[in-house]
Amino acid sequence: MSVQTGGRAARVVGFVALFALLDAGLGSVLGGLAEYADPKSSPLGALEAAKANPDMDVLVLGSSRANHHIDPDLLGARLGMAVHNAGVDGQGIVFARAVQELVWANGIRPQVFVLQLQAFDVMTFEPERALVASRFLESMPATRATLEGEGYNVKVKLTSRSFRYNSLVLQLALNRLRGQPAAAQDSYVSLDGSLGESTAGPEGVPGRWTSDAREVSPESLRVLGGFVRAAVEAGSQVFVVTGPFLRGGPVLPSESAAADAIARVTSEEGGHLITVDETTHPIFDDPALFYDPSHLNRQGAALYTGILAERIAAGLDRAPAGVEGAAAEQAGGT
């Protein structure tokens, strides 16, 4: 090797070493601020808040449709149980599995898991969305195996100590200055506005939701099966729940196939499937209950949570305190 070639190689090695040091340093600083991530707007915040709430009886997981549809205060009051909603916009089944593993690693044992899942959630498999959980991978063997199985690009991102805080730097810094740690805050966010009002709701959204024709992802079903099986083996009950859309077309065969696959896997692993949507409850075919075609507004979420609570209560191994109390009250008044 020539002197010139050797010098070039030394510069490359030096650059890589410097980059690794900077990455580790930045990751260490941001890691010290992780508790200031907002659980209502970031996956990291949802993770931090979930592991800081040892008193939860029920853990709600899922995407924005869990985040905006399932009111933990209302569900908890109906069930007589402490409910924590850790749903996050844009996340899916891999992130739900990560939260499940994280709370267990912190000694938290929910009696009930409620996983909000739609057919389209198993028509895609995007584990990279859960990379923010890499801060806790040592506590998440199943999630780690899923992410590490995704190829070179994902493995590189996993080795980075700063990538997991991508897009969170400003939020962490500002919340630190304000003194607003995640603590055990809930992720639930109600949506105000209505498609039934010409002046409310988001601008430019279509009036109705339509499904895409896609194949079921075997990887998503594998992670779903692992989620349900692990919870049941740990002594918890699992309710996989669906929700309504403001639908603008028929249910496609691909969507039906995905829904059937969810039902099959959930049942095989010992979970319960609860369907509460516009097909089972026509009341949800009402624009006044929707913020946009995919999300219920505050009024719609209250209605949905109430119906869901009754279905969950009926499926619990024991009669919840709230249900017992209501029954006793009715008996006393007859």
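The values are calculated or read from the model by the stated rules, or taken from the named source; none is laboratory data. From a predicted model like this one, the values you see are computed outputs, not experimental measurements. Virtual Cβ from ideal backbone geometry, glycine too; neighbours counted across all protein chains shown.
Structural remarks
- Residue pairs whose Cβ atoms lie under 6 Å apart, sitting 6 or more positions apart in sequence or on different chains, and linking a residue in segment 235-258 that is closer than 30 Å to Q111 by Cα to a partner that is surrounded by fewer than 17 Cβ atoms within 10 Å (Cβ to Cβ) and among the β-branched types (V, I, T), are T242/T275.
- Selection from segment 248-276 of residues that are crowded, with 17+ Cβ neighbours inside 10 Å, in contact with a Ser or Thr (Cβ under 8 Å, 6 or more places away or on another chain) and not in a helix (DSSP H, G or I): H272, L273, I274, V276
Residue-by-condition table, conditions (1) modelled with pLDDT of 90 or more; (2) charged (D, E, K, R); (3) under 20 Å from V88 (Cα atoms):
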| site | (1), (2), (3) |
| --- | --- |
| L177 | no, no, no |
| A182 | no, no, yes |
| D186 | no, yes, yes |
| S190 | yes, no, yes |
| A200 | no, no, no |
| G207 | no, no, no |
| S211 | no, no, no |
| G235 | yes, no, no |
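- Residues of segment 83-107 that are closer than 17 Å to A302 by Cα and either out of contact with any strand residue (DSSP E or B) (no Cβ under 9 Å at 6 or more places or on another chain) or among the aliphatic types (A, V, I, L, M) (or both): V83 alone.
- Going through (1) surrounded by 16 or more Cβ atoms within 10 Å (Cβ to Cβ); (2) among the small types (G, A, S); (3) modelled with pLDDT of 95 or more one by one, G322 falls short only on (3).
Residue-by-condition table, conditions (1) at pLDDT 70 or above; (2) surrounded by 16 or more Cβ atoms within 10 Å (Cβ to Cβ):
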{"residue": "L22", "(1), (2)": "no, no"}
{"residue": "G25", "(1), (2)": "no, no"}
{"residue": "V94", "(1), (2)": "yes, yes"}
{"residue": "E101", "(1), (2)": "yes, yes"}
{"residue": "N106", "(1), (2)": "yes, no"}
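- With respect to (1) part of a loop (DSSP other than H, G, I, E, B); (2) surrounded by 16 or more Cβ atoms within 10 Å (Cβ to Cβ); (3) at pLDDT 90 or above; (4) out of contact with any Phe, Trp or Tyr (no Cβ under 6 Å at 6 or more places or on another chain), the lone exception for G225 is condition (1).
- Residue list for segment 80-90, filter: farther than 19 Å from A105 by Cβ and crowded, with 24+ Cβ neighbours inside 10 Å: V83, N85, G87
- Here R311 clears all of (1) over 18 Å from the mean Cα position of the chain (by Cα); (2) not in a helix (DSSP H, G or I) except the condition numbered (2).
- One residue stands out among those in segment 108-127 that are modelled with pLDDT under 95 and among the charged types (D, E, K, R): the one that is surrounded by the most Cβ atoms within 10 Å (Cβ to Cβ), which is D121.
- Candidates are the residues of segment 77-98 that are within 23 Å of D317 (Cβ to Cβ) and free of Cβ contacts under 8 Å to residues at least 60 places away in the same chain; the one that is nearest to the chain's Cα centre (by Cα) is V83.
- Pair list, Cβ under 9 Å, 6 or more apart: segment 100-124 residue at positive phi, other residue assigned to a loop (DSSP other than H, G, I, E, B): G107/P54
- Hey, M56 of a type in the set (A, V, I, L, M), modelled with pLDDT of 90 or more and in contact with a Leu (Cβ under 9 Å, 6 or more places away or on another chain) or not: no
- With respect to the conditions (1) over 23 Å from A261 (Cβ atoms); (2) at pLDDT below 95; (3) among the hydrophobic types (A, V, I, L, M, F, W, C), A130 lacks only one, and its number is (1).
- Search result, residues across segment 286-306 that are over 20 Å from the mean Cα position of the chain (by Cα) and either in a loop (DSSP other than H, G, I, E, B) or of a type in the set (S, T, Y) (or both): D286
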